[in-house]
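The values are calculated or read from the model by the stated rules, or taken from the named source; none is laboratory data. Small disclaimer: the values here were computed from a predicted structure and weren't measured. Methodologically, a virtual Cβ is constructed for each residue, glycine included, from the backbone with ideal geometry; neighbour enumeration extends over all protein chains shown.
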Amino acid sequence: MADDIAVRLDRVTKRFGSVTAVSEVSLQVRRGEFLTLLGPSGCGKTTLLNLVAGFLEPDQGEVYIGETRVTQVPPFQRDFGMVFQNYALFPHMDVFENIAFGLRMRKVPKGEIQSRVEEALDIVRLGGYGARHARELSGGQQQRVALARAIVIRPQVLLLDEPLSALDKNLRARMQVELKEIQRRVGITTIFVTHDQGEALSLSDRIAVISEGKIQQLSSPDEAYRNPENSFVASFIGDINRIPARLVEVSGDEVAIAVGEARIRVPKARCHASRAGDPVWLFVRPEVLEPVPEDTENAILGTIYAHVYQGAHIEIHVEAGALGTIHLRTRDDGVMARWPVGARVGLVGDLGGAMVFPRDSRD
Amino acid sequence: MKRQPFFYWFTVPAVVLALAFLASMGAIIQYSFRKHIPGSLDVGPVTLENFERLAHPLYFSVYLDTLLLSLYTSVFTLVLGYPLAYVMVRARSRWIKSTVLIVSIVPLFTGEIVRTYAWLNVLGHNGFINSLLLGTGLLDRPLQMMFTPFGVTVALVHFSMPIMVVILAAAISHIDTDYEKAAASLSANPIKVFWKVTLPLSTPGIVSGFVTIFAWTLSAFATPQLIGGGKVNMVSNIVYQLGFASFNFPFAAVLSLLAVMLTIVLLLVIYASTRRLEKMSLH
Ligand SMILES: Nc1ncnc2c1ncn2[C@@H]1O[C@H](COP(=O)(O)OP(=O)(O)OP(=O)(O)O)[C@@H](O)[C@H]1O
Ligand SMILES: [Mg+2]
């Protein structure tokens, strides 16, 4: 086995009664990489993490940490560190003892424990907090103690289950930066669980997008954003419009699709449907679309429904009848005056980055 | 908000009970200062001699025995009850959970007398244990267990077990399993997880279970009366003998007062220690 793989899952399945929480998942986490498991609530992220940790045993498949097969090995004999959503700092120990716990269990010599705990406290910028009690710390500080406790044992892999979800928005943004910076500096392999696609995009080297217990796409954040492999990934990552349409014809390296009355051309490479007449979804980012007069040729037609001012940009909601509500996003504040609520509008844009996926005709 | 008049009607039963308790406490205090007239149910003039009599070594040893029996009982109940409570809370199988629950709670629903008679059948000369030991030839003479502190303790432990298990189970079920998972993720084996995390985090339950059983055993009556058979005497038994055999109500009142004081001191200890533990933010 290649020694640059820190964790490997091989066709792992886990069922709870009739629910298949994880279904035939295979995954290789590279050494030193920050890999995010991203997906909606209940898709099996925590289950997957618990299978790596050993708190759950798979019904089928194998789990490897480093070179070792650990499928049947209990958690305390596996080499991982974990940060829990509620931190789970031991309430009967001070910060120092919390961090030293793993070192004591691993029988690290006394003198070394002292220096390694101090080093870990410095890494998370809590030098001098050793004698404090967990309850005397803020949420962000507790978070950092939990991180220090997990990395001080220098495990092969660090597992984080939505560690930032208990923090308020500002602190959360700060901790994201800090977490990424610490991870890079320590160089520790990290599996991070979140249902927040923004968090996943900003932190990860690679993202595994999960739905219904299966990995839908495993790629860099950039790839997942620009080249989603299916309509689930396309709708989950980034803000995007999903517009019902029909494939009209495939000609050369372009396809033509009918969106309402409009005929739109999309590069063939961006189209995952193949037969003329197929119902499809057209995925377009809101920042690609712009408002034009309604008599413009091949514009998608609708009525301005609302302006949502968001500081850096303005979001315009357009009611487009059978096509649903379409959002566009612009930095130009003049738009609000030129296109007041209730005005008829046409939408056009450079659809070179748009995507077309097959649509179940019942949708 | 102005309270409706009927609201106060709900407090009536509590007030009646409180008055009844106050009246009986008043009677006990009043009796404790009156002279005992042998052979009479009436009491004599005010005196302090009942309290002086407390100095007699006999009574000192009764209190000491009572405290020791209570101590043994609470220690053994704790040591035996903890594993039961732990299994009841943490076992995966429902079947094991309910079995443990039933085994540990059922004694609560058999009366004290019935339960004590059951122990007579187990501990007596012709009882279950002796029949077994004699029958298998392990002993040639029956073991004396009735009328011994050992026998009384065994029965008291059984009597106290349901309360202990319920208190401990409540405390253990409050411990978030993430703490145990965190310890396991830090390489602690299951035994270490128990000693370093689960047990320390269940101290509030251990303290209140221990003190509750201690206070509860201090006032035990039927068990030492029947199983101790006059050879093992706890405070209640002496109070009973003085009151109903010699009709010495004044001295019986003094002994009862002292027992009440001991219980109050214990309750203060519970209060103080739970405050301390709350400060440690264990719960
Ligand atoms: N112990 C369990 N017993 C029964 N079903 C479970 C158990 N744990 C998880 N499940 C089910 O397995 C599925 C996946 O759960 P999991 O906790 O892995 O989801 P998740 O992706 O972590 O969701 P969330 O974002 O809400 O934490 C869900 O349908 C859940 O109901
Ligand atoms: Mg989860």
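If you take just the strands (runs of 3 or more DSSP E) that sit entirely in the range A:156-215, which of them hold at least 2 residues that are closer than 14 Å to A:LEU38 by Cα, in contact with an Asp or Glu (Cβ under 9 Å, 6 or more places away or on another chain) and in contact (Cβ under 8 Å) with a residue 60 or more places away in the chain?
Output list reads A:190-194, A:206-211.
Does A:THR303 qualify as being of a type outside the set (D, E, K, R), in a strand (DSSP E or B) and either in the same structural domain as A:ALA245 (by TED's automatic domain parsing) or over 19 Å from A:ALA245 (Cβ atoms) (or both)?
For A:THR303, the condition - of a type outside the set (D, E, K, R), in a strand (DSSP E or B) and either in the same structural domain as A:ALA245 (by TED's automatic domain parsing) or over 19 Å from A:ALA245 (Cβ atoms) (or both) - is met.
Filter the range A:160-180 down to the residues that are of a type in the set (A, V, I, L, M) and more than 21 Å from A:ARG30 (Cα to Cα), then identify the one that is surrounded by the most Cβ atoms within 10 Å (Cβ to Cβ).
A:LEU164
Take the residues of the range A:3-23 that are away from ligand 1 (no atom under 15 Å from the Cβ) and more than 17 Å from A:GLY81 (Cβ to Cβ): which is modelled with the lowest pLDDT?
Among residues in the range A:3-23 that are away from ligand 1 (no atom under 15 Å from the Cβ) and more than 17 Å from A:GLY81 (Cβ to Cβ), the one modelled with the lowest pLDDT is A:ASP3.
Taking only pairs six or more apart or across chains, which ones have beta-carbon atoms under 8 Å, a first residue in the range A:35-48 that is at negative phi, and a second residue that is near ligand 1 (Cβ under 6 Å from one of its atoms) and among the aliphatic types (A, V, I, L, M)?
From the range A:35-48, the pairs are A:THR47/A:ALA21.
Can you tell me how many residues in the range A:122-159 are in contact with a Lys or Arg (Cβ under 6 Å, 6 or more places away or on another chain) and either surrounded by fewer than 18 Cβ atoms within 10 Å (Cβ to Cβ) or outside the structural domain of A:ARG174 (by TED's automatic domain parsing) (or both)?
0
Could you list all residues from the range A:145-156 that are within 11 Å of chain B (Cβ to nearest Cβ) and under 26 Å from A:ASP3 (Cβ atoms)?
A:ALA150, A:VAL152, A:ILE153, A:PRO155
Quick one: would you say A:GLY42 is within 16 Å of ligand 2 (Cβ to nearest atom) and either modelled with pLDDT under 95 or within 14 Å of chain B (Cβ to nearest Cβ) (or both)?
It is true that A:GLY42 is within 16 Å of ligand 2 (Cβ to nearest atom) and either modelled with pLDDT under 95 or within 14 Å of chain B (Cβ to nearest Cβ) (or both).
State whether the residues of the range A:176-199 include one that is more than 24 Å from A:PHE55 (Cβ to Cβ) and within 13 Å of ligand 1 (Cβ to nearest atom).
Yes, the range A:176-199 contains at least one residue that is more than 24 Å from A:PHE55 (Cβ to Cβ) and within 13 Å of ligand 1 (Cβ to nearest atom).
Could you grab me the full set of residues in the range A:317-342 that are under 19 Å from A:VAL259 (Cα atoms) and part of a strand (DSSP E or B)?
A:HIS317, A:VAL318, A:GLU319, A:THR325, A:ILE326, A:HIS327, A:LEU328
Go through the range A:194-236 and give me each residue that's over 19 Å from A:VAL284 (Cα atoms) and among the hydroxyl-bearing types (Ser, Thr, Tyr).
If the condition is that a residue be over 19 Å from A:VAL284 (Cα atoms) and among the hydroxyl-bearing types (Ser, Thr, Tyr), then A:THR194, A:SER202, A:SER204, A:SER211, A:SER219, A:SER220 are the ones that fit.
What number goes with the only condition from (1) in contact (Cβ under 8 Å) with a residue 24 or more places away in the chain; (2) not in a helix (DSSP H, G or I) that B:LEU156 does not pass?
(2)
Would you mind stating whether A:VAL29 is more than 8 Å from ligand 1 (Cβ to nearest atom), within 14 Å of chain B (Cβ to nearest Cβ), touching a residue at least 40 places away in the same chain (Cβ under 8 Å) and out of contact with any Phe, Trp or Tyr (no Cβ under 6 Å at 6 or more places or on another chain)?
Answer is no for this residue.
Restricting the search to the range A:141-154, which residues are in a helix (DSSP H, G or I) and in contact with a Ser or Thr (Cβ under 8 Å, 6 or more places away or on another chain)?
Within the range A:141-154, A:ALA150 is the sole residue that qualifies.
Go through the range A:38-140 and tell me which helices (runs of 4 or more DSSP H), entirely inside it, have 1 or more residues that are hydroxyl-bearing (Ser, Thr, Tyr) and within 16 Å of ligand 1 (Cβ to nearest atom).
A:45-53
When you go through A:GLN72, A:GLN85, A:GLN77 one by one, which is the residue that is within 18 Å of A:PHE192 (Cβ to Cβ), surrounded by fewer than 21 Cβ atoms within 10 Å (Cβ to Cβ) and assigned by TED's automatic domain parsing to the domain that holds A:PRO155?
A:GLN85
If the requirement is being modelled with pLDDT under 95, closer than 11 Å to A:ARG149 by Cβ and more than 10 Å from chain B (Cβ to nearest Cβ), which of these qualifies: A:VAL95, A:VAL124, A:VAL117?
A:VAL124
For A:ASP161, all conditions in the list (1) away from ligand 2 (no atom under 16 Å from the Cβ); (2) touching a Phe, Trp or Tyr at 6+ places or on another chain (Cβ under 9 Å); (3) within 14 Å of chain B (Cβ to nearest Cβ) hold save one; what is the number of the exception?
All conditions pass for A:ASP161, except number (1).
Are any residues in the range A:187-198 within 14 Å of ligand 2 (Cβ to nearest atom) and crowded, with 20+ Cβ neighbours inside 10 Å, and if so, which ones?
A:ILE191, A:PHE192, A:VAL193, A:THR194
For the range A:200-222, which positions are away from ligand 1 (no atom under 13 Å from the Cβ), closer than 24 Å to A:ARG149 by Cα and of a type in the set (A, V, I, L, M)?
Correct list: A:LEU203 only.
Being in contact with a helix residue (DSSP H, G or I) (Cβ under 8 Å, 6 or more places away or on another chain) and more than 9 Å from chain B (Cβ to nearest Cβ) is the filter; apply it to the range A:105-114 and report the residue that is surrounded by the fewest Cβ atoms within 10 Å (Cβ to Cβ).
A:GLU112
Counting only residues that are within 14 Å of chain A (Cβ to nearest Cβ), give me the helices (runs of 4 or more DSSP H) lying completely in the range B:180-280 with at least 2 of them.
By residue number, B:190-193, B:203-218, B:249-279.
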